[in-house]
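Q: Before anything else, here's the structure in question.
The values are calculated or read from the model by the stated rules, or taken from the named source; none is laboratory data. Source: prediction; values computed, not measured. Note that we place each Cβ from the backbone using ideal geometry, even for glycine, and neighbour counts take in every protein chain shown.
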Amino acid sequence: MSDEYRRRGQKFRELAALFMGAEGIPVRPRQVARTFAAMFDLDSDERGDLQGLSDWAIVTRANQTLDPTGALREAAEAAEADSKGRYAAVLYRRGYGAGEQLAVLRLVDFAHLLKRADP
């Protein structure tokens, strides 16, 4: 993976975290491991790209093409590794603002959110 793609991914993680923070959701972007030793730090934070939520693993993807199934699969792996019950993926769409990016999640998680929002 080239440095350009890493920077794009980190920039999108930060944008998504800023947007969610402005909406009152306390997340922080995962920092990219800067050294070889840091990549194998067993005491590191959770695996998701947006961290800080107790029951959610969230990954972000800023790829050239949209791959919701692959992104959701990665989110499921992060949730399993972190022992979290729910997961989602945030996908970058070129030409759209932060609030217009796509969030992909399972129907069961969507139903859970709707029940909480409109009891």
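Q: Does residue 42 fit the bill of being at pLDDT 95 or above and either assigned to a loop (DSSP other than H, G, I, E, B) or surrounded by 15 or more Cβ atoms within 10 Å (Cβ to Cβ) (or both)?
A: For residue 42, the condition - at pLDDT 95 or above and either assigned to a loop (DSSP other than H, G, I, E, B) or surrounded by 15 or more Cβ atoms within 10 Å (Cβ to Cβ) (or both) - is not met.
Q: Let me ask something else about it. Does residue 54 qualify as being on the phi > 0 side of the Ramachandran plot and among the hydroxyl-bearing types (Ser, Thr, Tyr)? Can you show your working first?
A: Working: on the phi > 0 side of the Ramachandran plot: no; among the hydroxyl-bearing types (Ser, Thr, Tyr): yes.
It is false that residue 54 is on the phi > 0 side of the Ramachandran plot and among the hydroxyl-bearing types (Ser, Thr, Tyr).
Q: Looking at this structure, is residue 66 more than 22 Å from residue 7 (Cβ to Cβ), surrounded by fewer than 20 Cβ atoms within 10 Å (Cβ to Cβ), of a type outside the set (D, E, K, R) and at pLDDT 85 or above?
A: no
Q: Here are some residues: 114, 102, 91, 107. Which one is at pLDDT 95 or above, loosely packed, with under 14 Cβ neighbours inside 10 Å and either touching an Asp or Glu at 6+ places or on another chain (Cβ under 9 Å) or of a type outside the set (D, E, K, R) (or both)?
A: Values: 114 fails: at pLDDT 95 or above; 102 fails: loosely packed, with under 14 Cβ neighbours inside 10 Å; 91 fails: loosely packed, with under 14 Cβ neighbours inside 10 Å.
Of 114, 102, 91, 107, the one residue that is at pLDDT 95 or above, loosely packed, with under 14 Cβ neighbours inside 10 Å and either touching an Asp or Glu at 6+ places or on another chain (Cβ under 9 Å) or of a type outside the set (D, E, K, R) (or both) is 107.
Q: Run residue 8 past the list (1) of a type in the set (D, E, K, R); (2) at pLDDT below 90; (3) in a helix (DSSP H, G or I); (4) in contact with a strand residue (DSSP E or B) (Cβ under 8 Å, 6 or more places away or on another chain) and report the number of the one that doesn't hold.
A: The number of the failed condition is (4).
Q: Residue check: is residue 37 of a type in the set (A, V, I, L, M, F, W, C), out of contact with any helix residue (DSSP H, G or I) (no Cβ under 6 Å at 6 or more places or on another chain) and at pLDDT 85 or above?
A: The answer is no for residue 37.
Q: From the list 75, 62, 81, 98, pick out the single residue that is of a type in the set (A, V, I, L, M) and farther than 21 Å from residue 20 by Cβ.
A: 81
Q: Is it true that some residue in segment 77-87 is surrounded by fewer than 17 Cβ atoms within 10 Å (Cβ to Cβ), aliphatic (A, V, I, L, M) and at pLDDT below 95?
A: yes
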